[in-house]
Amino acid sequence: MTKNLIKISLIILFVVVLKSSFAQTIPNAGFENWTTTGSYSDPDNWMTQNSTTSASNVYTAEKGTPGSPGTSYLKLTSKTVGMRVTNGTASSRFAYNQRSANFIGKWQHMISGTSQGSVDIQFTRWDAGMSKNMPVASGHVVLSGMAMSWAAFNIPMVYSDSLNMPDSCSITFAASGFQPADGDYLWVDDLSFSGTVAMASGINQIDDNIKSVELFPNPSFTTIKLKYNLTNPSTIIIKLFDVTGKQITTLYNGQAIIGKNELAIDCTTLNQGLYIVKIESADGYIIKQLEVLK
């Protein structure tokens, strides 16, 4: 009986962890949930400066009431700690796989000096081949003027990758800019995403005739070799796109043989950044991403 209860408990724990790992909403988006640690409280799933400034009995992130809507909201305030002013910031990173069009919510903000705060959102995806997070979309706004009562905001997401879904999102709020002044504040509540930005059409039309596609070295300063195998001989078209989906050039249009094929891609004429290589045949296509360095 005890063993069965342990098994059931482990299964429930696994399901909870799995569900949490693949959450597709902003965690604690209404700032209703807070955890007290010692002398301060932080909103659940968000990182603030409180753990650093609490030694001086200063708290740059605080729980405000009532919310808009709800019972609470996040108050970020830049405050003097010792000889300098600490920017009131909060950030969160979480799993997210939607191509959302806008980041929306409610805010109030004001500055005491001349350095406006900001809101920054990043969608990224993990690229196993390059062993790093790659950008998919971003949204950024520097606050302007003042909002002395609750106002709705809408920040559009700008996509740098039209061919992939993100797998994570990060959000950062800052009450001040590079020169924080004591008393700058940014209050936020009721966060969410709206709308959808579609991927380039046919992204999942994978060609089974094209095998073992490799770009090496990737990234590169000069030349990247594209290597691929064909199961059957075929007419192949190889195109180069920027990450917005705009075609730059056709690299090859002709017959390819069974087995190993290779094409040298000259990177010296390209600007630094990310590019998409699309290998097409009559049966579909394969897409790979390359990076050019300068």
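When shorter helices are ignored and each DSSP H run of at least 4 residues is given -39500 (n - 2.57), the per-residue value for the chain at 222 nm works out to -2500 deg cm²/dmol. Using a Gaussian network model of the chain in which every pair of alpha carbons under 10 angstrom is joined by a spring, one finds that among Ala101, Ala264, Ala137 the greatest mean-square fluctuation is at Ala264.
Considering the options Thr231, Ala198, Val188, tell which one lies farthest towards the positive end of the dipole of the chain, charges being +1 on Lys and Arg and -1 on Asp and Glu at the Cβ, about the Cα centre. Of the options given, the answer is Thr231. For the pair Gln247 and Lys132, label points projected 7 Å from Cα toward Cβ lie 3.0 nm apart. Within the assembled protein chains, the solvent-accessible surface assigned to Cys169 is about 0 Å², based on a 1.4 Å probe. With a simple spin-label model that places each label point 7 Å from the Cα along the Cα-to-Cβ direction, the separation between Ser212 and Glu32 comes to 5.6 nm. Between Thr65 and Ser192, the simple label model (points 7 Å from Cα in the Cβ direction) yields a spacing of 2.5 nm.
Return a whole-number percent for the relative contact order of segment 172-281, with Cα pairs under 8 Å and 6 or more residues apart as the contact set. Kindly include the intermediate steps, with their values, before the conclusion.
On the way: 159 pairs, mean separation 25.8, N = 110.
About 23 percent, as a whole number.
Scan segment 223-284 for trypsin sites (Lys or Arg not before Pro) in coil per DSSP, keeping those whose Cβ has at most 16 other Cβ atoms within 10 Å, and list them by number. Let's see the in-between values first.
Working: sites: Lys225, Lys227, Lys239, Lys246, Lys260, Lys278; in loops: Lys246.
Those satisfying the criteria are Lys246.
Per residue, segment 115-233 exposes 48 Å² of solvent-accessible protein surface, assessed with a 1.4 angstrom probe and all protein chains in place. Here segment 107-171 has 57 percent of its accessible surface on carbon and sulfur atoms, given a 1.4 Å probe and all protein chains in place.
In debye to the nearest 20, how big a dipole does the chain give about its Cα centre with +1 on each Lys and Arg Cβ and -1 on each Asp and Glu Cβ? Mind dumping the intermediate values first?
On the way: 21 positive and 21 negative charges, 86 e Å.
With Lys and Arg at +1 and Asp and Glu at -1, about 420 debye.
Compared with the direct C-alpha span, the chain from Ile257 to Ala55 gains 65.8 nm at full extension, assuming 0.36 nm per residue.
What FRET efficiency comes out for Lys227 versus Arg125 if R0 is 25 angstrom and r is the Cβ-Cβ distance? Round to the nearest 0.05.
Details: r = 24 Å, r/R0 = 0.95.
Efficiency for this residue pair is about 0.60.
Length gained on full extension, Thr235 to Gln98, computed as 0.36 nm times the residue gap minus the Cα-Cα distance: 45.8 nm. Output the 0 to 90 degree angle, nearest 10, between the alpha-carbon long axis of helix 2-21 and the longest principal axis computed from the alpha carbons of the chain. Helix 2-21 sits roughly 80 degrees off the main axis of the chain.
The values are calculated or read from the model by the stated rules, or taken from the named source; none is laboratory data. Since the model is a prediction, treat every value here as computed from it, not as a measurement. Note that we place each Cβ from the backbone using ideal geometry, even for glycine, and neighbour counts take in every protein chain shown. Note: areas computed on protein heavy atoms with side chains; ligands, DNA, RNA excluded. Shrake-Rupley method; radii C 1.70, N 1.55, O 1.52, S 1.80 Å.
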